[in-house]
Each structure stands twice: as structure tokens, then as C-alpha cells.
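Taking it in order: structure first as C-alpha cells, then the write-up.
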Amino acid sequence: MREIHAKLEGEDPSLSQKKAIGLTMAQAVGQIMLIDAVFSFDSIITAGGTAKHVEIMIAAVVIAMIVMFLFSPKIAAFIHKHPTLKMLALSFLVMIGLSLVIEGWDSEAAHQLHLKNYIYFGMAFSFMVELLNMTMRKKMVKQRLVELNDPQLHPSGEDYSDMAR
């Protein structure tokens with residue numbers, strides 16, 4: 001949620017210099033290792049429940065790692081080019097996290113309400129809307145883009161953004 005807020009609102013100029021710097025390299029590596037360990041543990045438990053042979057589990061993890069290493073630069077470049085997809089993915093993570101909390105609270109009620117169906121439908125719908133937006137933006141690049149400007153305040157405090165220039 002903090003990353004979504006920072007992307008939308010920008011950095012707070014009133015923060016001290018120490019807080020504005022962000023994470024140190026060690027903190028970033030530590031967070032990545034912790035998150036990777038949690039997701040790996042979850043994946044291994046899931047694979048253990050579905051695969052009958054340890055060799056298949058190991059092969060699947062190794063293949064997944066190779067695919068991630070091969071395609072991560074291209075995926076990172078694509079996400080850098082389309083930052084709204086990053087916002088969408090972060091929102092999906094928040095939604096999935098919330099659904100996991102709800103399922104942990106009362107899994108039977110979540111199952112009876114078909115919570116996952118609603119969440120996946122909402123995610124698919126949002127993704128389709130984003131694909132349409134990306135298509136429209138690509139077509140608009142060929143045309144003249146309209147840029148929205150922030151209102152300009154006169155030193156007296158009056159807003160002159162509505163006036164013709």
C-alpha cells in the first residue's frame with residue numbers, strides 16, 4: 001500500500017533526509033530474501049501436495065527459476081514502459097492478501113460466497129480494461145497527445161488556470 005501511495009502522491013518533501021533516502025542495500029536484499037523464502041515455502045508446500053515424486057518437484061522449481069532468470073529483464077523493461085500495469089499488479093496483491101485474510105478468518109463462509117470467483121472476475125475485468133487502455137494509448141501516440149496541467153496559483157492566491165492565455 002505504501003508503494004501505491006508513493007507512486008500516486010509522490011514523495012513527501014517534509015520528510016527528513018534520512019527517511020527520504022529509502023532502503024539501504026542490505027535492507028532491500030533482506031526484504032527480497034524474506035519475501036522469496038515465504039513464496040518459495042508456499043510453492044513447495046503446494047507442489048508437495050500435488051506432486052507424488054520429489055524429482056518432479058525439484059525439476060519444476062529449477063525450470064521455474066530458469067524461466068524467471070531468462071525473462072526477468074524483458075518483463076522489467078515492459079513494466080517500466082507500462083507503469084499502470086505495476087499499479088494494477090500491486091492492487092491485485094493487496095486484493096489477494098485481503099482475500100487470504102478473509103479465508104483464514106472463515107474459510108467456509110468465503111467458499112459459500114464464492115469469494116474467489118468474484119475476485120478473479122474483478123481481476124480479469126481490470127486486466128482487460130488495462131489492455132484496452134494500452135491499445136488506446138498506443139494509437140494516441142501517433143496522434144497529438146493532450147496533456148493536463150496543474151492549476152497555477154498567482155502570488156495573491158487566486159487561481160488563474162481557467163483563464164485563456
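Here, each number is a calculation from the coordinates, and none is a lab measurement. Just so you know, these numbers come straight off a predicted model, no measurement behind them. For neighbour counting, all protein chains shown are included, and Cβ atoms are generated from backbone atoms with ideal geometry for every residue, glycine included.
Miscellaneous remarks
- The range 28-128: trypsin sites (Lys or Arg not before Pro) falling in loop per DSSP and having at most 12 other Cβ within 10 Å: Lys52
- Stretching Ala76 away from Leu34 to a fully extended chain increases their span by 13.0 nm, per 0.36 nm per residue minus the current alpha-carbon distance.
- For the range 106-111, 3J(HN,Hα) per residue [Karplus equation, 6.51 cos²θ - 1.76 cosθ + 1.60, θ = phi - 60°, Hz, x = Gly/Pro]: 8, 5, 5, 5, 4, 5
- In order along the range 66-82, the Karplus-derived 3J(HN,Hα) couplings, from 6.51 cos²θ - 1.76 cosθ + 1.60 at θ = phi - 60°, round to 4, 4, 4, 5, 5, 9, 4, x, 5, 5, 4, 5, 5, 5, 5, 6, 10 Hz, and Gly and Pro are given as x.
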